[in-house]
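Only the coordinates and a few stated rules stand behind these numbers; no lab work does. Note that the structure is a prediction, hence the values are computed from the model and not measured. Cβ atoms come from the backbone with ideal geometry, glycine included; neighbour counts cover every protein chain shown.
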Amino acid sequence: MHYKHHHPENDPAFKGLSVNEGVESLPTVNPYRKARQKKKHLTVSDYVDGILNGEISILSQAVTLVESSLPEHQEIAQQVIEKCLPHTGNSIRVGITGVPGAGKSTFIEALGMNLVRAGHKLAVLAIDPSSERSKGSILGDKTRMEELSVAKNAFIRPSPSAGSLGGVARKTRESIVLCEAAGFDTIFVETVGVGQSETAVHSMVDFFLLIQLSGAGDELQGIKRGIMEMADGIAINKCDGLNVDKANIAKVQYQNAIHLFPQPASGWSPEVITCSSVELTGIKEVWEMVEKFIQYVKENGYLKLKRNEQAKYWMYESINDRLKSNFYTDEEIMKSLIIAEKRVLSNEVSSFIAAKELLDKYFRQ
């Protein structure tokens, strides 16, 4: 005898009992969830059109391509850069450096907000130091520039230094080209403030600003000939509170030191300005100094000459970079490197002879 729905409890003999047939099991996958769409692969034309239209998301993707070491990404990136080149060269490029703790990020936010409010479009390319051990970077400049990072006409891009020359991101110059093509009229390049990074940044900007501190010991310790000779202007930051008198003393010391150096090729005499990124004093004066410098070097022809020299310098740097990359990714050389290492470590051959043999082998191929 079959009872309704195979439940014996539903037999009339069991008065007052009833068992429902239950509900159908729900599918394990949510039927209302839309399938994730595959990310569209942009063409070179998509990148170029997006950049020229000032689309920040496409600009960010293009900068990521530039920074990538994958050959297929590099190929697309170089095509994009080539098509963007005719739309570049119209910005003011400012390099900003200083010792860690000088308040570079706070200064950039204060000056940047001042420029954005005045109608400028600002791109900040901040070089973040990569760990020598893990090769990772914090990339925390956006958190240090809270107001500027959400400003409509500002673009902040922290890039890992990835162990390249003195902490300067290898592809910052290409990023400058993309930002200019996207319509940014002012570009800041912030260095990590250590080692040889200043030399590389100096070779890609129009104005080189040195941020200094006062009251942190002997001010003359901060006057290092190499970096002082590169600086087109010095801003003594944190000139506020009890530090005002010390900042003014430091200003006089730096001004006296500048006069001891030979006249720069630009013919410009570097200026020293005290400022406070917190109280926003002296910030406007720093930018007036930059504009005065740009006007001066445009009139005497030095700006065009400097940019031509920079383009030539980066051509040679690109050659060196490509040669180095090709050498270390060559399969035969990779095998030979392991053998050469063992020979050097066992004192069979000197480091210099091993290097010469490897290079000779590479160029004979």
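Listed values, structure above:
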{"read-out": "Full-extension gain in nm, THR329 to GLU285, via 0.36 nm per residue minus C-alpha separation", "value": "10.9 nm"}
{"read-out": "Global form of the range 308-365, assessed from the alpha-carbon gyration tensor, a/c cut-off 1.5", "value": "prolate"}
{"read-out": "Members of LYS171/LYS356; LYS335/LYS361; LYS171/LYS324; LYS171/LYS312; LYS324/LYS361 lying beyond 18 Å, as alpha-carbon distances in this model show", "value": "LYS171/LYS356"}
{"read-out": "Distant-in-sequence amide H partners of SER159 (H built 1.01 Å from N, under 5 Å)", "value": "ALA126, ILE127, ASP128"}
{"read-out": "Long-range amide H partners of GLN212 with built H, under 5 Å", "value": "ALA235, ILE236, ASN237"}
{"read-out": "³J(HN,Hα), Karplus 6.51/-1.76/1.60, whole Hz, each residue of the range 101-111, x for Gly, Pro", "value": "x, 6, x, 4, 5, 5, 5, 4, 5, 5, 5"}
{"read-out": "Cβ-derived FRET efficiency at R0 30 Å, LYS298 paired with SER69, nearest 0.05", "value": "0.20"}
{"read-out": "Extended-chain gain in nm, criterion 0.36 nm per residue less alpha-carbon gap, ARG117 and HIS87", "value": "8.4 nm"}
{"read-out": "Residues in the range 61-102 reached by a label modelled at LEU337 [backbone nitrogen below 17 Å; 7 Å Cα→Cβ]", "value": "69-71"}
